[in-house]
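Written below as structure tokens is the structure these notes are about.
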Amino acid sequence: MLGPDIEDVPAYMPEQPSGCPGVVVSAVSTVAFNQGVDSVRADGTVVSVGLPSVYMELSIVLAALDCIHGLGSIVGTRKELEVAFAFGGPGLVVPVDETVPVDSGPQVVDDMTQGRMPGRKALNFSLQSPNKVSFHLAF
């Protein structure tokens with residue numbers, strides 16, 4: 001975690017050609033928010049606990065082309081952030097996820113649209129369903 005003593009967070013970041021996968025900004029300032037956006041990689045997420053209540057500039061082109069996801073709250077304190085981390089830290093929050101074969105995709109979409117999926121499912125292209133037979137043709 002980086003503190004307020006770091007002047008230029010994106011320059012301080014380790015040499016990563018693509019940036020960080022996710023950034024949590026806990027300082028309520030436009031500088032901190034912009035540094036968070038500049039530090040995240042394409043398809044990354046910026047979470048801001050307590051967005052500044054002033055006008056902020058955000059490059060819509062950068063956000064759209066890099067698919068940067070943003071989550072934030074208008075209110076929030078460092079104490080609330082501490083409570084959130086304390087709640088998630090000891091394993092009290094456990095995501096429900098499952099990796100399934102890609103050919104079960106239609107069933108996954110149906111379960112999702114019908115509200116029968118309690119968590120996340122990842123489609124794995126290298127898995128096969130148990131009822132499928134694999135064969136290779138040789139010429």
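The values are calculated or read from the model by the stated rules, or taken from the named source; none is laboratory data. In this text, all values refer to a predicted model and were calculated from it rather than measured experimentally. So basically every Cβ, Gly included, is an ideal-geometry build from the backbone, and we count neighbours across all protein chains shown.
All conditions but one from (1) surrounded by fewer than 15 Cβ atoms within 10 Å (Cβ to Cβ); (2) among the aliphatic types (A, V, I, L, M); (3) under 14 Å from the mean Cα position of the chain (by Cα) apply to VAL54; the one that does not is (3).
In region 50-66, the residues that are under 16 Å from ASP38 (Cβ atoms) form no Cβ pair under 7 Å with any partner that is of a type in the set (D, E, K, R), whether six or more places apart or across chains.
Scanning for something at pLDDT 85 or above, out of contact with any strand residue (DSSP E or B) (no Cβ under 6 Å at 6 or more places or on another chain) and either exposed (fewer than 10 other Cβ atoms within 10 Å of the Cβ) or at positive phi (or both), does region 60-74 turn up at least one residue? There is at least one residue in region 60-74 that is at pLDDT 85 or above, out of contact with any strand residue (DSSP E or B) (no Cβ under 6 Å at 6 or more places or on another chain) and either exposed (fewer than 10 other Cβ atoms within 10 Å of the Cβ) or at positive phi (or both). Per the conditions (1) in contact with a helix residue (DSSP H, G or I) (Cβ under 6 Å, 6 or more places away or on another chain); (2) at pLDDT 75 or above, the sole criterion not satisfied by ASP110 is (1).
Yes or no, residue by residue, for (1) surrounded by 12 or more Cβ atoms within 10 Å (Cβ to Cβ); (2) touching a residue at least 24 places away in the same chain (Cβ under 8 Å):
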residue	(1), (2)
GLU80	yes, yes
GLY89	no, no
THR99	no, yes
VAL109	yes, no
THR113	no, no
LYS121	yes, yes
